[in-house]
Structure formats: structure tokens, C-alpha cells
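Note sheet for the following structure.
Each value in this text was obtained by applying a stated rule to the coordinates, not by laboratory testing. Nothing here was measured: the structure is a model prediction, and the numbers come from that model. Quick reminder, even Gly has a Cβ in these numbers, built from the backbone with ideal geometry, and neighbours come from all protein chains shown.
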Amino acid sequence: MIKTRAIVLHRFPYSDSSWIVKALTEECGIISFIVKGGKRKESPFKGALDPLSLSEVVFRQNPNTELQFIKEATLLEWRKNLREDLLSLAKAQVMAEMILRYAPQGVPLQDEFQLLERATSELDQPADTPKNNIFAKWLLSTCEMWGYDLDLGTCSRCGGTLESSAADFFPETGGFVCKSCLGVESPRAKLETVNGLWALRQGAEIQHPQFTENALLAYLRTHIGFLKEINSIKFLNETRKLFEE
Ligand SMILES: [Zn+2]
């Protein structure tokens, strides 16, 4: 029997009364569970299998099947504040979907678990806590974790160390260009993007996070080839229109 913490990444109905739940477990990576009777009101699992919940699950891993039967699930964190903040919710959904689609299958994913646990817990802080950097930090750490380390501190043309915000950034290559290398050329990246990436490096608050987040998403997209589109990005973009400039 395996007992491990798990973050619910996705859940969909299976028959009238059951769920299929895909969760990132701390010990065994991504596991698909079938939860018979999970939709019934009197289900013992209650909020433990809601998407983005942190729970402790108990199951026996049957190597001959893709779907595991869950024996117990105990809710540890339901993430109430995160759920009440649409923008945080939208960002958390993108993280969950990216893990589900792009993390390696069938292997332990302890680093992925740790980063997602930290990011969702930070997004779950009370509403007045600054949250601008959380998703960008997660994206940057994910680049590194998946082998596409992004060097935020070096000009890709002269190799010099950046002393202030870069003048340009190319998301396809992850290359920064310093002010003297750019010279009189017009930058392709927006000022909000390079300033945000600089703030991320300095640990300062990012002013317009959607530019930084989009630049990091574009960088990752080039490297892992995800244009199997991430569906939840559409919801994030709609939500940004409501809450960000
Ligand atoms: Zn340079």
C-alpha cells in the first residue's frame, strides 16, 4: 500500500457516479485514479479530490493497469483563498495542465511536486499578499527543472553581465541583449517584458506580470514544443483582461 501526498491536477466524470482523477503524487509522479461513487454526496473523499487540492492518498499500485483504485483520500489543503481569486486560480490551472501534459510519465516527479506545492500554497495566501511573481517564478524554475535553464543575467551578444534591465529579449532562444549591444536598433521585446524579467532576477516585484509570464511561456513553448495548446491559457487570458492592465 502506498501513502503519499498528492495534488489533484485534473478530474473528469466517468459514468454517472464516478470520477477519474489525475494527481501529481509526491512519491510516484502522475497517477490516474478511478474513484467509484466519488460524485455521490456521501462520498468519503469530499473535497480531497477537487482539482488543485492537496491531499494524502492511499492506494495499492497495480502495475498492470493505468487506472489505480484509491483506497483513502484525506484533504490537507483545499486552497480556499486561491479558489476565491480568479487570477490565482487561472494561473494554478495553467501550472496543473502543463505538468499533466509535459512532465515525464511513469516516473517520480519530486521536484515538480515541490515546486507546484510551493506555488499553489503561495497563491493561497490572503488576498492582500503580493502575488505578482509567483507564476513567473514557477515558470522560471520549471525551465530549469526540465533542462532549459534561462540565464537572466548575461547578454547573449557580448557575454557581459547585465548591470540593469536588458534592452531586448528573444523568447525563441532565451537570449538577452544589453543596452550597448542593442545600440540604435529597436528592441522587439516590450519594455514591460524586459523590466519584468529583470525584477524577477532581482527578486523585486514584477509590475505587469502578464508580459513576463508570456515571455517565459513562449520560451518554454519553443523548447518543449508545446503547441498542443494549453487549454487553460485561454481562461487565464480572459481573466487577465478583468484584473490586469
Ligand atoms: Zn551585450
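Miscellaneous remarks
- Put a dot 7 Å past the Cα of Leu75, heading toward its Cβ, do the same for Arg101, and the two dots end up 2.9 nm apart.
- Phe235/Ala127 FRET efficiency (R0 30 Å; Cβ-Cβ; nearest 0.05): 0.95
- Panel order for Tyr219, Tyr14, by other beta carbons found within 10 Å of each beta carbon, from fewest to most: Tyr14, Tyr219.
- Environment charge at Gly47 (Cβ cut-off 11 Å; Lys +1, Arg +1, Asp -1, Glu -1): +2
- Table column - 3J(HN,Hα) (Hz), segment 173-190, Karplus curve with 6.51, -1.76, 1.60, x for Gly and Pro: 10, x, x, 9, 10, 7, 4, 6, 5, 6, x, 8, 4, 8, x, 8, 7, 6
- Screening the chain for DSSP H helices whose Cα atoms reach 18 Å or more along their own axis and whose mean Kyte hydropathy is at least 1.6 gives nothing.
- Annotation: extensible slack from Ile2 through Glu205 equals 69.0 nm (criterion: 0.36 nm per residue apart, minus Cα-Cα distance).
- Exposure proxy shown here: for Phe59, Phe170, Phe33, Phe135, the number of other Cβ atoms within 10 Å sets the order, fewest to most, as Phe170, Phe59, Phe33, Phe135.
- Share antiparallel - DSSP beta bridges, segment 1-88, percent rounded to 5: 90
- For Leu200, the shell of other residues with beta-carbons less than 11 Å away shows a net charge of 0, using +1 for Lys and Arg and -1 for Asp and Glu.
- The chain - Kirkwood radius from inverse mean 1/r over Cα pairs (Å): 19.3
- Per-residue Cβ neighbour rank within 10 angstrom, fewest leading, Val184, Val21: Val184, Val21
- Estimated from the Cβ-Cβ distance and a Förster radius of 25 angstrom, the FRET efficiency linking Thr65 and Met145 is about 0.30.
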